[in-house]
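Structure, as structure tokens:
No lab work stands behind these numbers, since they all come straight from the coordinates. These figures come from a predicted structure and were not determined experimentally. Virtual Cβ from ideal backbone geometry, glycine too; neighbours counted across all protein chains shown.
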Amino acid sequence: MSTSRRPVAVVTGASSGIGAATVRSLAAAGFDTVAAARRVERCEALAAGVGGRAVQLDVTDDASVRALADAVPEVDVVVHSAGGALGTDAVEDFDADGWRWMYEANVIGVARVHRALLPALRKRPGSESPGHVVVVGSQAGLQAYPGGGGYTAVKHGVHALCRTLRLELLGEPVRVTEIAPGYVDTEFSTVRLGDPEAAAAAVYRGMTPLTAEDVAEVIAFTVTRPAHVNVDHVLVRPLAQADAFHVHRETM
């Protein structure tokens, strides 16, 4: 971290949840943070609280991503947190538009932002630490489950994309890390289920899920390792969750 300037960390999907918590965590670790998301007013409030910057960003829009790259010419860390899930339909009942949006936001969105910001990651004058690409994946990228065909396919794609980036950037001073959380109590389930908060809360009933801050602390750990260390993949779950099917729930 001993550079002539504060290292710059761009966080996509920073208007809420893991993205917003990551902005706070990286700001506390000494980064000049750029909070980027569609709901820019939330990013502006977040940036004001940590002394960072805010940029409006839609990862599904080429022009928006190009505008981000123009606005942030110096980048040391990119945290890809934008994305999400829609629905729990069976494969035979799949919603093509919903599945298409998930792939566009979670996979193409990462590729689009990566392509736009990689030149800045490669060109970092005065920095002694490598650049860093962090992608927030999911346990769904490692395991399939009924009703998750669209989302698990997408997150398996994210996992494969991260492994590909690790190979493609081998030999360059750019690290690649995938963070794969299990249950995290954020807006994720409310958006996915398209239902009142009570329905989303049922996902975590009888157990203590991770918080967005838990995941953000893991991200901050990975990006502050010594220059020779690359944390390739982190699967982080609540103590009560062993995998997508095995969750210990206390009886009420």
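Picking from T222, V11, G141, whose Cα lies most toward the positive end of the charge dipole for the chain (charges on Cβ: Lys, Arg +1; Asp, Glu -1)? Comparing the listed Cα positions along the dipole, T222 ranks first.
Relative contact order, whole percent, for region 1-97 stands at 29, derived from Cα pairs under 8 Å and 6 or more residues apart.
As a check on your grasp of the helix formula, calculate [θ] at 222 nm for the chain: sum -39500 (n - 2.57) over DSSP H runs of n ≥ 4, divide by the residue count, round to the nearest 500.
-11500 deg cm²/dmol
The angle separating the long axis of helix 109-122 from the principal Cα axis of greatest extent in the chain is about 20 degrees. Placing unit charges on the Cβ atoms only, positive for Lys and Arg and negative for Asp and Glu, gives region 8-236 a dipole magnitude near 600 debye about its Cα centre.
Determine one quarter of the surface area of the Cα convex hull of region 94-195, which equals its mean projected area, and express it in nm² to one decimal. Could the numbers behind the result be given before it?
Working: hull surface 30.9 nm².
The directionally averaged projection comes out at 7.7 nm².
The V91 and R122 beta-carbon pair, evaluated with R₀ = 51 Å, returns a calculated FRET efficiency of approximately 0.80.
Ranked from largest, the principal axis spans of the Cα set of the chain equal 54, 37, 36 Å.
Considering only A140, A201, A96, the mean-square fluctuation computed in a Gaussian network model of the chain, springs between alpha carbons under 10 angstrom, is largest for A96.
When peptides 65-75, 208-218, 6-16 are ranked by their average number of other Cβ atoms within 10 Å per residue, the highest-first order is 6-16, 208-218, 65-75. Springs join every pair of Cα atoms under 10 Å in this Gaussian network model of the chain, and among Q241, Q139, Q56 the largest mean-square fluctuation is at Q241. Each Cα pair under 8 Å and six or more residues apart adds its sequence gap; the mean of these over the residue count of the chain is a relative contact order of 20 percent.
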